Amino acid sequence: MRGCMRRIGALVKLSLLELWRRNDMFALLVLSLVLLVPLSMARPFGASGATRYFDEAALLLMWGYSLFISLGIGGRLFTSEFANRTVYPLLAKPVSRGELLVGKYLGAVVASWSALAFFYVLWAISSVLRGGECLTFCFFQAVVLHALFVALAVAAALAGSFLLTPSASTTLLAILFPAMFFFGRRLPDYAENVSGVLRGLVNVVYWLAPHAEFFDMRQRLVHGWGGVEAGVFLAVVGYAIFYSGALLLGARLLFNRKRL
Amino acid sequence: MEDKVFELDGVSRTFGALKAVDNLTLSLGKGEVTGFLGTNGAGKTTTIKMLIGLLRPTAGTVRLFGGDPADAATRVRIGYMPEMAYYYPYLNVRELLAFYGGVCGMDKQTVRTRTDKLLEEVELVEAAKRPLKTYSKGMLQRAGIAQALLNDPDLLILDEPFTGLDPLARIHFRKLLMKLRDQGKSIFFSSHELGETELLCDNVAIMKNGRCIYHGPVDRLAGDGGGNLERLFLDVLEKGGVA
Amino acid sequence: MLTALALCLGLVMRIAPARMPQALGGGDFLSVLLGDAKKDISDAMVHEADSYFHGGVDMDCHHLHGGHHHDSGTCCHHDHGHDHDADCDDHHEGAFDPWRWINVHVRAPEIDRHLSTKQAVEMMPWFWIAVKADPHNVEAWSTAWYTASHVMKDEALALRIAVEGQRLNPESLEMACVLGRAYRAETTRDSEKSEEMFRRVVEMAEGTQDLAENDNQAFFYSVGCLADSAQRRKDVAALAKLLNAASRINPNHPTTRSMSQTLKELGRGS
C-alpha cells in the first residue's frame, strides 16, 4: 500500500512539474492580465461601481482556462509517453498499468487543480480588493464543482487519447464541452422540434454526453444567490464521480488492449 | 536457489499475419552477460518487450526470476533501458531519477544516495541541474542507463545501449557494464555493435526472422577459425545456423 | 477531423438557418467583422442586462421554487414578454428527467430578486457593450437611459446616455423623445431643449407613414408634453397644430381626445 502510494505520488509530482514548467500557465496569466486589467478599469457611460460584469468575465475565463489546461494535460498524459518512448522504462518498473493510469490521471487532475486554485485565489483577492465577500459557502461549492468538472474533463481527454489521435480527441472535446456548457440544458427542447434520426441523435447526446453545465455555479457566485441544496450538490458530485470513473474504466480497457 | 534469471520456453508472438517471434527458447543464467543479435526486424525488441511484461506471448511461457513478468512485483529486480527514449524534457536528471525512484517505491534517502553514485558513474554530475531537453543523444542515453540502474537490479535489460554514444562514452559505458558483470549482475542486451558485444558477452543469441539460430558462447562462435564476431555473425545469418 | 467539422457546420445550419448572418453590415471595422451578428450580439447584451436586473436569472428560462411567479410589471419599463418560452426548463411534463432536475436547481435562485437602486449600476456594462456592438440599437439606448433614470435615479448619467444615443440616432423618434424626457428630469431640467426634442419628434412623425409601436408611444408622449406646455402658455394656435398632427396619427388616442377637450375649454374661456 505504501509502495503504491509512493508510486502514485511520484506520478502526481511529475504532472505538477510538467504543468508549472511549461509556459502555458504563464501565457494564460499574462492573457488574463491583458484582458482583465483594462476590463476592471472600465467605467461604462462614466458610471462607476459595477463589479459583477468583471466577476462574470473572470469566471468565464477561468472556465475556459480550466478546460484548456485539463484537455491539454489529459490528452498529453500517455501520448507523450508513447511518442517519447518513456512508457517502456516506466512499465518495466514494478508498476502495473492500472497504477500507472490512476497515478497519471491523479497527477493530471492535481496539476489542473493547482492551476484552478491559482486562478481562484487571484479572483478571490481581486474580489476582496473590490470590497466583495468571497469566502462564502457558495464559493466553496462553486470551487468544488469546478474542480470535479476538471477531473471529468481530464478523464475524458485521457480516454479520448486512447480512442482517437490526440489532436482529434482534444478538438472534439474542445467542441463538445463548451457546447454542452452553453446549450446542454436546451437539448430536450431542440429534440422536441426535430424528428427522425436527428431527434434520436440529440436525445443520445443529451443522455450520454458530459453535462458540463451542471458544474457551473457562476451565476450563483456573481449574483450572490447562495449555495445549492445539499441533495443537488451531492447529485452533481455523484454524477462527476460516476462519469469520470466510467471514462477511466474505458481508458483502462483501451490501455490494456494497446499494443506497446 | 534460482539458476536462471529468465527463461523463454517455446515463445511465439504474432501481430496479425506477421510472426515476430517464432518458438523461441532462450534463458539467461545468473551473472551471465548475453548479447542479443540480429538484423532489423529479427524479433529482438519484441522478445525484450515480452521479457519485461509489455507484451504477452501468443504461445509459450516467459518466466522472469521464476515469476510472470506481467506481475509488477516480478519486475522489482530488473532494470530496463529502451532504445533512444526522450526523457521528460522539463526535468533535470536528478528529478528524473527521483521520479523513477518513486515509481519503483524506493524511499527518498536511498534514491538520493543511488543518484549521487550513478551520476558519477555515468558522468552526468556537472549536467545534473540542466533540463533534459538540453541534453545530447549520448547524454540522454547515459541518463537512461542511470534510471535502469537506479533500483540496483539483478538483471539489466538494454535495448541498443550503444546507439548515440560517442567513442569515448562507448568505452566508458563498456567499462561500466564490465564492472556490473564483475559484481555478478546478469545483463541481456540487444545490439548491432558486434565489437562491443564480443568484448562484453559470455554468450550471444542470434535471431533471424523471429527464430533463434544460435545461442551459445561467444568464443565457440568466434572459435577455432579465430575470426571476429562480425564475420562469423554474417556466416551464421547466411547459413541459418552453426554447424 | 474535416468530417467532424462538416457535421458540426451542417448541424448548425440545420438548427438555425434563419439566424445565420445574411449580409455584412456597414463600412466600419466592427460592422464588417460582425456583419448582421452585431444586432444579435447587441440584443443578447440587452437580454443579459435584463437578467442582471432579475438577479442573474435568465427570464426566458425563469423558474422559481414554490410556484412563485415573476412580476414582470415591477422590473423594467419594457415588457419583454416574460412568457416561459421553449427554452424554459420547467414546462416539460412526463417522465422524471434527472438532468433537467439538476439544471433547474443549480440555475434557479430560491427567491425572486431584483437589483436595488444602488446595485443597478451592474447592468450598465452590458448596455455599454450592447450600444458599442450596435450603436443603432435604440432599444439598448432607451433601456439604458430608463435604468439610469428610473432604477438608479441617476439623472446626470441618464442624460449622458440620452445625449449620446440621440447623437448617434438622429433619425429616431424614440431617441429624440428619450432625450426630451431626460431634459425634463428634476436635476437636469432644460425646458427649452426638452421641447426642442419633442418638437423634433412631432416633425419626424409627420413625415412618416406608419409609426412603429415604440415610435407611436414616443410621438404621443411628446405631443402630450408639448400640449401641456402650450396649455400653460394658453397658446391655442400651437395646441391646434398639435391636435391636428395627433389626429392624423390616431384620432382616437387618449392624448388626442384629451387635447381636443382642452382646446374646446380654452376656446370657451377666451
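The values are calculated or read from the model by the stated rules, or taken from the named source; none is laboratory data. Model, not experiment: these values are computed from the prediction. Because the Cβ atoms are built from the backbone with ideal geometry, glycine has one as well, and the counts that use them run over all protein chains shown.
Counting only residues that are without any contact (Cβ under 8 Å) to a residue 40 or more places away in the chain and among the hydrophobic types (A, V, I, L, M, F, W, C), which one in the range A:213-234 is nearest to the other protein chains (Cβ to nearest Cβ)? Going through the qualifying residues, I end up with A:VAL232. Checked against the criterion of being in contact with a Leu (Cβ under 8 Å, 6 or more places away or on another chain), part of a helix (DSSP H, G or I) and either facing chain A (nearest Cβ under 7 Å) or at pLDDT below 90 (or both), the candidates B:ARG94, B:ARG75 yield just one match: B:ARG75. Quick check on A:THR86: is it β-branched (Val, Ile, Thr) and within 14 Å of chain B (Cβ to nearest Cβ)? Yes, satisfied. When the criteria are applied in full, A:ALA111 fails the requirement of being over 30 Å from B:ASP152 (Cβ atoms), small (Gly, Ala, Ser) and away from chain B (no Cβ under 13 Å).
For first residues located in the range A:7-22 and farther than 19 Å from A:GLU99 by Cα and more than 9 Å from chain B (Cβ to nearest Cβ), partners that are in a helix (DSSP H, G or I) and modelled with pLDDT under 85 and lie 6+ apart or on another chain with Cβ distances below 8 Å form the pairs A:LEU19/A:MET25.
Out of A:LEU164, A:LEU248, A:LEU260, I need the residue that is closer than 30 Å to B:THR46 by Cβ and within 7 Å of another protein chain (Cβ to nearest Cβ). Which one? A:LEU260 is the lone residue from the list that is closer than 30 Å to B:THR46 by Cβ and within 7 Å of another protein chain (Cβ to nearest Cβ). State which residue is farthest from C:VAL57 (Cα to Cα) when the search covers only the range C:134-158 and only residues that are assigned to a helix (DSSP H, G or I) and over 16 Å from the mean Cα position of the chain (by Cα). Only one residue tops the list, namely C:ALA156. Within the range A:46-73, residues that are away from every other protein chain (no Cβ under 14 Å) and closer than 20 Å to A:ILE175 by Cα sit with their Cβ atoms under 6 Å from residues that are aromatic (Phe, Trp, Tyr) and in a helix (DSSP H, G or I), at 6+ positions apart or across chains, in these pairs: A:MET62/A:PHE119; A:LEU67/A:PHE177. Cβ-Cβ contacts under 7 Å between residues 6 or more apart (or on different chains), taken from a first residue in the range C:178-205 that is touching a residue at least 24 places away in the same chain (Cβ under 8 Å) to a second residue that is of a type in the set (Ser, Thr, Tyr) and part of a loop (DSSP other than H, G, I, E, B), are listed as C:ALA182/C:THR188; C:SER194/C:TYR183; C:MET197/C:TYR183.
In a residue-by-residue description of the range B:115-137, the property of being part of a helix (DSSP H, G or I), more than 9 Å from every other protein chain (Cβ to nearest Cβ) and within 30 Å of B:MET207 (Cα to Cα) applies to at least one position. When you look at B:VAL33, is it buried (at least 21 other Cβ atoms within 10 Å of the Cβ), modelled with pLDDT of 90 or more and either away from every other protein chain (no Cβ under 14 Å) or in contact with a Gly (Cβ under 6 Å, 6 or more places away or on another chain) (or both), yes or no? For B:VAL33, the condition - buried (at least 21 other Cβ atoms within 10 Å of the Cβ), modelled with pLDDT of 90 or more and either away from every other protein chain (no Cβ under 14 Å) or in contact with a Gly (Cβ under 6 Å, 6 or more places away or on another chain) (or both) - is met.
On the basis of being surrounded by 16 or more Cβ atoms within 10 Å (Cβ to Cβ) and acidic (Asp, Glu), does C:ASP215 make the cut? So C:ASP215 passes the test.
Of the residues making up the range C:170-181, those that are over 14 Å from the mean Cα position of the chain (by Cα) and either surrounded by fewer than 24 Cβ atoms within 10 Å (Cβ to Cβ) or under 18 Å from C:MET124 (Cβ atoms) (or both) number 3. When restricted to residues that are of a type in the set (Lys, Arg) and outside any helix (DSSP H, G or I), the range C:159-188 contains 1. Here A:TYR65 meets each of (1) closer than 30 Å to C:GLU122 by Cα; (2) surrounded by fewer than 21 Cβ atoms within 10 Å (Cβ to Cβ) with one exception, condition (2).
One line per residue, one yes/no per condition, for (1) surrounded by 14 or more Cβ atoms within 10 Å (Cβ to Cβ); (2) modelled with pLDDT of 85 or more; (3) closer than 30 Å to C:LEU157 by Cβ:
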residue	(1), (2), (3)
C:TYR183	yes, yes, yes
C:THR188	yes, no, yes
C:ASP210	no, no, no
C:GLY224	yes, yes, yes
C:ALA238	yes, yes, no
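Considering B:THR25, B:THR14, the condition of being modelled with pLDDT of 90 or more, in a strand (DSSP E or B) and more than 27 Å from B:LEU234 (Cβ to Cβ) is satisfied by B:THR14 alone.
Flag: A:VAL128 does not match the condition of being of a type outside the set (Lys, Arg) and modelled with pLDDT of 90 or more. Taking the range A:129-148 as the range and being in a helix (DSSP H, G or I) and over 18 Å from A:TYR53 (Cβ atoms) as the test, the residues that pass are A:PHE137, A:CYS138, A:PHE139, A:PHE140, A:GLN141, A:VAL143, A:VAL144, A:LEU145, A:HIS146, A:ALA147, A:LEU148. Are any residues in the range B:215-226 modelled with pLDDT of 85 or more and over 21 Å from B:GLY43 (Cβ atoms), and if so, which ones? Selection gives B:PRO217 alone. Cβ separations smaller than 8 Å between residues 6+ apart or across chains give the following pairs from the range B:56-79 residues that are within 21 Å of A:ARG259 (Cα to Cα) and free of Cβ contacts under 8 Å to residues at least 40 places away in the same chain to residues that are of a type in the set (S, T, N, Q) and surrounded by 16 or more Cβ atoms within 10 Å (Cβ to Cβ): B:ASP68/B:THR74; B:ALA72/A:SER96. Within the span defined as the range A:152-161, every residue fails to be farther than 23 Å from A:VAL237 by Cβ and within 11 Å of chain C (Cβ to nearest Cβ). Scanning the range A:149-167 for residues that are polar (S, T, N, Q) and outside any loop (DSSP other than H, G, I, E, B) turns up A:SER161, A:SER167. Taking the condition over 30 Å from A:PHE233 (Cβ atoms) and touching a Gly at 6+ places or on another chain (Cβ under 6 Å), does C:VAL121 pass? Yes, satisfied. With respect to (1) without any contact (Cβ under 8 Å) to a residue 60 or more places away in the chain; (2) assigned to a helix (DSSP H, G or I); (3) out of contact with any Phe, Trp or Tyr (no Cβ under 8 Å at 6 or more places or on another chain); (4) surrounded by fewer than 18 Cβ atoms within 10 Å (Cβ to Cβ), the lone exception for A:ALA124 is condition (3).
Summed over the range B:29-61, the residues that are under 30 Å from B:GLU238 (Cβ atoms) and part of a strand (DSSP E or B) give a count of 9.
Beta carbons closer than 8 Å, at least 6 apart along the sequence or on distinct chains, pair a first residue in the range B:176-199 that is more than 12 Å from B:LEU155 (Cα to Cα) with a second that is among the acidic types (Asp, Glu) and outside any loop (DSSP other than H, G, I, E, B) for B:LEU176/B:GLU121; B:SER190/B:ASP159; B:LEU194/B:GLU230; B:GLY195/B:GLU230.
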